[in-house]
Amino acid sequence: METAITTKLVEFSFQSIAGKLGKMLEKEAALLAGVEDDVRYIVAEHKSITSFLTAISTRHNLDAEVKNWAQELSEVAYDAEDSIDEFDCRLRSTLGFFKHSLRSIKSLKGRHDIASEIKKLKVQVEDIKKRHDRYFHPNEATSSGTATGLNMADRYSDPRIIGHFVEEAQLVGINQSRDKILGWVMDENCPELTAISLLGFGGLGKTTLAKTVYDDLIIVEGHFQPRAWIAVSQNYNIKELLKKIIRQISVNEKQIRDVSGFRDARLNTEQCLNMMDESQLVQTVRGHLHGKRYFIVFDDVWSVEAWESLSIALPQGKEGSRVIVTTRIKDVANASCSRNRRFIFKISPLSPELSWELFCRKVFDAPDYNCPPELENIGREILQKCDGLPLAIVTIGGLLASKPDNNFEEWKDLRDHLRLEIQTNDMLSKINQILGLSYNDLPYYLKPCFLFLGTFPEDYEIRRKRLMRRWIAEGIVHGVDGLPDEKMAERCFNQLVNRSLVQPSEFDDNGTVRSCRVHDMMLDVIISISRKENFAVVLNKHSTQTNIQPRHQRIRRLSWQGGSSGLVPNTDLSHLRSFTAFGEDVPVSDYRKQRLLRAIDLEGCRNLDDFHPKSFSKLCLLKYLSMRNIGLSELPDSIGDLQNLEFLEIRGTYIQKLPNAIVKLQKLVYLLGGPFIGFKFPKGIRKLKRLTTFGTARAHNVHSLQEIGELINLQKLDIFLGRSDLSLRMLEEISALLSKLNGSLRSLKILHWADSSLKKALDEV
């Protein structure tokens, strides 16, 4: 799986750089004089690299070599993108000075710099390619070294099989769910074919629940004839699945021959099945099931297409037939569920008490399953990490059960190093394998979106808008085919929710997810992958000085979560793209040495009430700056040097006045402050024509309202009006402002002292 992950991330990185180089070829050809061929070489080589990586992504015998090679390419792509972005930033600032004079542009030192960087990039790509050619052979990707999906299933044990063989003593908290599903299955008032969807993320026990229903005596003893259990999985083959159904429902040879038309007596049943096409297999299944009350479970369905291909083999009828579909994907549950989604059963984590009962039944002996008093506290602390996930509870409980002495020190050691044990202990590896399947199924553009969740601490409530804006600022999400960045980011977020990879925690009045959480076990998977692929470095209480700095790699993203060990002395942060901090005593507050930063997120950091006056003076690439809920009282003048800044968040601070330099931020899209009496803004704010969200702004005179009225792209506006501000002239200007913004404004909030004249003025608009 790691190889597939690596290749997808490299593909994502190279697509980004190839797109920027291609765009530069089109728009800035004069600047690339002498290196056009090098640029074209890199863009073409990108296509070859990604196609080869895709071809070998399922190989296991060369994982280490492919992974190292892919990581080298990823580092090259990052370096090249940094150089191109920095050059482009310097170019834009210089263009204004030279008034777009092509003659002056050609003489820029920056032109020589970008040419040198592109030549260096070409040399690096060529070196990596030569190294690859020394160790790999062209036919390897398609030779027997590549395992097909079916071969892989034979060579590597599927951890999901444990859901089929759970001891009755371990079926904790399942009775109520089983009875509800059985009620749907046996409901005589529903004679039509009914499909029931069991929905939930990996490890919650969907397969186990479905199996208890499938094996219930009332079903086994003949209420349904025939019945079948079909494991679909990610790498399904429709013809193979249809043949499995035919075998399990006991279609006789004569029926198969009647459909296929094969009369050769030398062909046995299996040979006939193997020679049939998909249409004939569907006809065989439908013919045998017609007029019968059947019961089929489709376990682990990953796509709507898989369900649609299977469902056409199921005759409708009025015999009371039932189908159960287990899935992690909300779209699959919606598509497969009968009668307007009435029969979707969402599986939730176990409660703390049921978790403890399951844990004790796994660890201790029957009939009492009693935990010794001296182990209960440490056991419950271990259990907290499982967060109600039955897979994790059973697996970790099994590990402890294998230690017959029930030694307190062994339990304490497991509690203190559980994350490491999950990564390295073979008995616990199935947790990561099952949870990792969801990640592996993501399309390439969603993988970095999901890995980015690892920059937030455990149990952290992540606001949807904050997450989307961070994705956009760091170039993880781009609009495509005319779709704006924000819409694409929202689509990516919804896909993660639909795939049960994040858990919605708060909704707005319209049912839209406002915030979400990541399950602790899934967060461990993310951090593990992120560390291996050098996507981000997380520094927290679990970190040690040996695992902060990736070996032979540069730190691109750093999430500081109050790690007591602090940063390793002389840690190189010059290639940092984003810095996210939580807690207090943030180790970095002067960012002049981190010239490549795209995002600084300090939301909620305590003991941070000022910056070096020139802290932001070198950050020409910065797009996102959040100082929300920190004790800051003013912004440094160097804020005006952030010529690419798009998101500025100062809500919950003590800032009451924006510096004059704020009007230099020509690319600013979001400017968020307040919420109490708002901030005063300087003359010239009308220049920020790209602003779509502005507030809470203190509109203290007519001129301030007139300036806001010039922001023709505003979609959301929050303003504050003091009691003394509501003169007749001000009320007239509010009406004029709203008339000017009528074409763009979607949300308006006015904070003010109670005043009937304001209400009247608004009513007249």
Selected residue [touching a helix residue (DSSP H, G or I) at 6+ places or on another chain (Cβ under 7 Å), of a type in the set (Phe, Trp, Tyr) and either surrounded by fewer than 22 Cβ atoms within 10 Å (Cβ to Cβ) or modelled with pLDDT of 90 or more (or both)] from 507, 493: 493
Hits in region 382-417 (condition: aliphatic (A, V, I, L, M) and either open to solvent by 10 Å² or more (accessible area, probe 1.4 Å) or touching an Asp or Glu at 6+ places or on another chain (Cβ under 7 Å) (or both)): 383, 391, 394, 401, 414
Options 364, 295; residue that is under 26 Å from residue 252 (Cβ atoms), among the aromatic types (Phe, Trp, Tyr) and more than 30 Å from the chain's Cα centre (by Cα): 295
Filter result (at pLDDT 85 or above and exposed (fewer than 14 other Cβ atoms within 10 Å of the Cβ)) within region 262-276: 268, 270, 271, 274, 275
Subset tally (residues that are open to solvent by 30 Å² or more (accessible area, probe 1.4 Å), charged (D, E, K, R) and either closer than 23 Å to residue 559 by Cβ or assigned to a loop (DSSP other than H, G, I, E, B) (or both)) for region 458-489: 8
Answer residue from region 588-611, given it is surrounded by fewer than 17 Cβ atoms within 10 Å (Cβ to Cβ) and acidic (Asp, Glu) and is nearest to residue 559 (Cα to Cα) among those: 590
Failed condition for residue 235, given (1) open to solvent by less than 40 Å² (accessible area, probe 1.4 Å); (2) within 32 Å of the chain's Cα centre (by Cα): (1)
Residues that are assigned to a helix (DSSP H, G or I) and hydroxyl-bearing (Ser, Thr, Tyr), drawn from region 423-454: 424, 429, 438, 439
Within region 211-232, tally of residues that are surrounded by 17 or more Cβ atoms within 10 Å (Cβ to Cβ) and either within 13 Å of residue 249 (Cα to Cα) or more than 41 Å from the chain's Cα centre (by Cα) (or both): 5
Subset of region 424-440 [open to solvent by less than 60 Å² (accessible area, probe 1.4 Å), over 16 Å from residue 393 (Cα atoms) and out of contact with any Gly (no Cβ under 8 Å at 6 or more places or on another chain)]: 436, 439, 440
Looking only at region 178-207, and only at residues there that are part of a helix (DSSP H, G or I) and of a type outside the set (Val, Ile, Thr), the one that is surrounded by the most Cβ atoms within 10 Å (Cβ to Cβ): 206
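The values are calculated or read from the model by the stated rules, or taken from the named source; none is laboratory data. All figures in this text were calculated on a predicted structure; none of them were measured in a lab. Heads up, the Cβs are rebuilt from the backbone with ideal geometry, glycines too, and the neighbour counts pull from every protein chain shown. Note: accessible area is taken over every heavy atom of the protein model, side chains too, but ligands, DNA and RNA are not part of it. Shrake-Rupley method; radii C 1.70, N 1.55, O 1.52, S 1.80 Å.
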